[in-house]
Each structure stands twice: as C-alpha cells, then as structure tokens.
Amino acid sequence: MDPLAATRVADLVSAVEQGDAEYIDRMLALQVQVDEPDVLTGNSALHAAVLYHLELLPALLKHAANPDALDVGGATPLSCVLHELGEGPVGARRQQLVEAAAHLLHAGADPRAGASDQSALELARLYELPDVEALLVNAGAAVTQ
C-alpha cells in the first residue's frame, strides 16, 4: 500500500474510533478502503466500528469490498463481534452486538472465515452462545446453498 493510502486508512480507523461521522464521510468520499487494516492498530475501520462505535457499522459496510477482512490477529469483524459477546454484555449492548452480527452476515460475512481459532462459528461455540451460534449456522447454510 502506498504511503498516502496507508495514512488515509489510519485516519479513517482513527475517525471511527472517535465516532467522527463527518470525517468518516469525507474519507469514504475519497474511497478509502474500510476493510484494509491500519498498520499501527492492526484493525480495519470495520473492526474499529465493532470495538468502538457499532452504530457506524452499517454505513461502513456499504463501502466494504470484503466484510471478512482480517485484522493482524486473523480475526474478521464478525469474529470481533463474537469476542465482544464473549465478554457477557447485557441489555442494549448485547442487542447491538447481535444486530451487528446480522448486519455483517447480510453484507456477506462468512461465519467460518478467519484463522481457524478465530472464526465466528468457533468463537460462538467457545463462548457458549447457542442463540448466536444458531444465527451463524443458519447464515452459513444460506451461503453454501
């Protein structure tokens, strides 16, 4: 990646972390890749949205070429959702995370994508989240049909 593109990706990830929707819109107008990882944080804008501002995820997904983009640890944005769910959030936060998973699946995310120990499906099983596992299995079945 050329230095200008890398800087723009870093700026976009930072804007997502801060929830700066106006700056995000400017970066998206410049066609900055939302699924490209930032060299400093290792996260893409999609990963950052899952971690910091879930409300930004649907808008970012409209610009994603690959909703299964990997971070430096081999996790997809969907895997990040499962890690967050594994922390045991309750109430509105849990509902937001389940909705984020649904948005990612609707955008074409594959529950089996990522490093073998980082796939969303494996994480749902590890964290004993049967309702989320069922959502992932159903989405995976739709993908393979």
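The values are calculated or read from the model by the stated rules, or taken from the named source; none is laboratory data. All of these numbers come straight from a predicted model, not from anything done at the bench. Cβ coordinates were reconstructed from backbone atoms using ideal geometry, including for glycine residues, and neighbour counts include every protein chain displayed.
Taking region 26-47 as the range and being small (Gly, Ala, Ser), under 25 Å from Gly114 (Cβ atoms) and part of a helix (DSSP H, G or I) as the test, only Ala45 passes.
Identification of helices (runs of 4 or more DSSP H) wholly contained in region 48-145 with 3 or more residues that are within 20 Å of Val16 (Cα to Cα) yields 57-61, 77-86, 91-106. Residues that are out of contact with any strand residue (DSSP E or B) (no Cβ under 7 Å at 6 or more places or on another chain), farther than 18 Å from Leu12 by Cβ and modelled with pLDDT under 95 do not occur anywhere in region 32-53. Looking across region 11-25 at every residue that is in a helix (DSSP H, G or I) and among the charged types (D, E, K, R), the one that is farthest from Glu55 (Cα to Cα) is identified as Asp11.
Can you confirm whether Gln95 is without any contact (Cβ under 8 Å) to a residue 24 or more places away in the chain and either within 30 Å of Glu128 (Cα to Cα) or under 15 Å from the mean Cα position of the chain (by Cα) (or both)? In short, yes.
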